[in-house]
1. What's the FRET efficiency of Lys35 with Leu167 using the Cβ-Cβ distance as r and R₀ = 25 Å, to the nearest 0.05?
2. Charges on Cβ only, +1 for Lys and Arg, -1 for Asp and Glu, centred on the Cα centroid of region 1-67; of Thr30, Thr62, Pro19, which one is farthest towards the dipole's positive end?
3. If I take R0 = 30 Å and measure r between the Cβ atoms of Tyr6 and Lys186 in this structure, what FRET efficiency does the formula 1/(1 + (r/R0)^6) give, to the nearest 0.05?
4. Any of Lys35/Lys133; Lys90/Lys186; Lys131/Lys185; Lys63/Lys112; Lys112/Lys133 with alpha carbons more than 23 Å apart? Name them for me.
5. Taking 0.36 nm per residue of sequence separation and subtracting the Cα-Cα distance, how much length would be gained by fully extending the chain between Val54 and Asn98, in nm to one decimal?
6. Rounded to the nearest 0.05, what FRET efficiency is calculated for Lys112 and Asp65 with R0 set to 41 Å and r the Cβ-Cβ distance?
7. Straight-line reach from Lys156: which aspartates and glutamates have Cα under 19 Å away, leaving out those fewer than 8 places along the same chain?
8. Give the shape of region 1-67 as rounded, prolate or oblate, defined through the alpha-carbon gyration tensor: a ≥ b ≥ c are the square roots of its eigenvalues, a/c under 1.5 means rounded, and otherwise the shape is prolate if a/b is larger than b/c and oblate if not.
Amino acid sequence: MQRYRYRLLSLGFLGFFDPTKLVQLLKEGTSGGYKLLTQEISIEPRSLFFFLKVMAFGFLFTKRDEEPSEEYDWKVVCYKTNLFSQTLNKNKMQQMLNEAAAEGYVLEHSIKYPTRLLLILPREAYFFMFKRKAGASASATARYEVHETPYGLFSKTLDIQGYDQELNQRGQSAELKATFRDERKKFRVLKQNIAIGIWEESLVPKTARAGQGDPAVPMPQMFGNQAQRPQPRA
């Protein structure tokens, strides 16, 4: 039998939310073996004082009775673009993601949505939902890279063929967790559109065996200069 839960998280009048409330919602929603359906996260209009409209995120959870129950701890990381330039700092975002990963969390889902400060200053807000098995050790099992692919500075278009090749090359040794579109500063004056990729590299060694009883051979890693391919055995 398939069972469901549906929960709402209000963004409030200014479009902000308390990350601790989202953590509580995710923990309660996934209790008893329920799983978050990331493809079913929705934005719902809500009424405030009968005449003001506020937005809320809707989260759908599901489970099958025959599936074993697993409990998870959750962590939510929020990132907002620069207040005045409205541009993204990929190094800061990457640092925030890896700080969560260092505690043993892995990225489950991420959402980008527009918000405003004092109702007039626009900003793009991201929130990243991490999870780890309840009781698991707080040691990193993955790390993340935020990669930018620029659009043409004047054409404002993306090199489709180059982007395709870039994705497939990186995908050989890492998993693409999410993509977004945003802007960055060029020459400190011009704004340039960018495609953002959130890439996950597993720190849990994958093994390959040449034959029965052969020792495990670590596979190459994607990031950094330490990557080495397994050497053939004599």
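1. Efficiency computed from Cβ-Cβ geometry: 0.40.
2. The residue sitting farthest along the positive end of the dipole is Pro19.
3. In this case the efficiency is close to 0.10.
4. Lys131/Lys185; Lys63/Lys112; Lys112/Lys133
5. Residue separation times 0.36 nm, minus the Cα-Cα distance, leaves 12.6 nm.
6. It comes to 0.70.
7. Within reach: Glu148, Asp164, Glu166, Asp182, Glu183.
8. It is prolate, given that a/c is not under 1.5 and a/b is the larger ratio.
Taken together, the values in this text are just the output of simple stated rules run on the coordinates, not laboratory data. This structure is a prediction, so every number in the text was calculated from the model and none was measured. FYI the Cβ positions are ideal-geometry reconstructions off the backbone, even for glycines, and counts take in every protein chain you see.
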